[in-house]
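One structure is given here, and the rest of the page talks about it.
The values are calculated or read from the model by the stated rules, or taken from the named source; none is laboratory data. Every value quoted in this text rests on a predicted model; they were computed, and no experiment measured them. Cβ placement follows ideal geometry from the backbone for every residue including glycine, while neighbour counts extend to all protein chains displayed. Surface areas here come from the heavy atoms of the whole protein model, side chains and all, with no ligands, DNA or RNA. Shrake-Rupley method; radii C 1.70, N 1.55, O 1.52, S 1.80 Å.
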Amino acid sequence: MSSPNDYDAQVEAIREYNAPILSEFQKSFEKAGLSKKTVKSHVDNIDFFTEYLMYYEPLTRLDEAGEDDVSSFLLDWFPRKALWASVSSTKSYLTSFKKFFQWMGETQRTSPEIVDDVLTTIKEDRQDFLDAVEDDDD
C-alpha cells in the first residue's frame, strides 16, 4: 500500500503534467478570439474535472480521460459535490467537454476513437446529465 506522501507526490506529478495541456487549451481559445469570460469558463470547467480525475480516480491524467470519466463526473460526482451544479452549469460543462475533447483530438493528445466516444456520450446522454442536476434540486 502506498503512503500518503506517495499519493501526494503522484497527484502533484499529474497536476504538473496537466498544466501545459490546460495552458495550451486556453491559448487556443484566446487565439480564436473568444471573450475572456468564455475562455475562463471553459478552462475552469476542465480544471475542475482534473481535480475529479486526480482525487476520485487517482493517476488519471487529462490525456487519459474518456467517456466513462465524463459520464461518471456529470451523472454522479458533479451533482453531489459542486454546490453550483444546475442545468445551466451542466450545459456549460457539456460544451466545455465537447470543445476540450475536440481540441485534444485535433492536437493529437488523444485518439480519434476517444473523441468520438466522448462526443457520442455527450449527445446521447445529455438529458440524463441534465436530469441528474434537476433531481438534485428536489
Quick calc: nm separation of the 7 Å Cα→Cβ label points for Tyr17 and Ser88 -> 3.6
Quick calc: nm separation of the 7 Å Cα→Cβ label points for Lys27 and Asp47 -> 1.7
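Is there a pair in Lys27/Lys81; Lys31/Lys99; Lys81/Lys123; Lys27/Lys123 whose C-alpha atoms are over 21 Å apart, and which pairs would that be? The partial results should precede the final answer.
Working: Lys27/Lys81 29 Å; Lys31/Lys99 14 Å; Lys81/Lys123 23 Å; Lys27/Lys123 26 Å.
The answer is Lys27/Lys81; Lys81/Lys123; Lys27/Lys123.
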To the nearest 0.05, the calculated FRET efficiency linking Ser35 and Gln102 through their beta-carbon distance, R0 being 22 Å, is 0.70
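With a 1.4 Å probe and every protein chain kept in, tell me what percent of the accessible surface of the chain is carbon plus sulfur. Walk me through the intermediate numbers first.
Values: 3830 of 7920 Å².
For the chain, the apolar C and S fraction of the accessible surface comes to 48 percent.
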Mean-square fluctuation maximum in Gaussian network of the chain, Cα pairs under 10 Å, restricted to Thr110, Thr120, Thr90, hits Thr120
Per the C-alpha gyration tensor (a ≥ b ≥ c, the square roots of its eigenvalues), region 12-138 is rounded if a/c is under 1.5, else prolate if a/b beats b/c, else oblate; here it's rounded
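Per the helix-only calculation at 222 nm, which mean residue ellipticity applies to the chain, given -39500 (n - 2.57) for every DSSP H run of n ≥ 4 and division by its residues, nearest 500 deg cm²/dmol?
Working: 7 runs with 104 residues, N = 138.
Per the formula, -24500 deg cm²/dmol.
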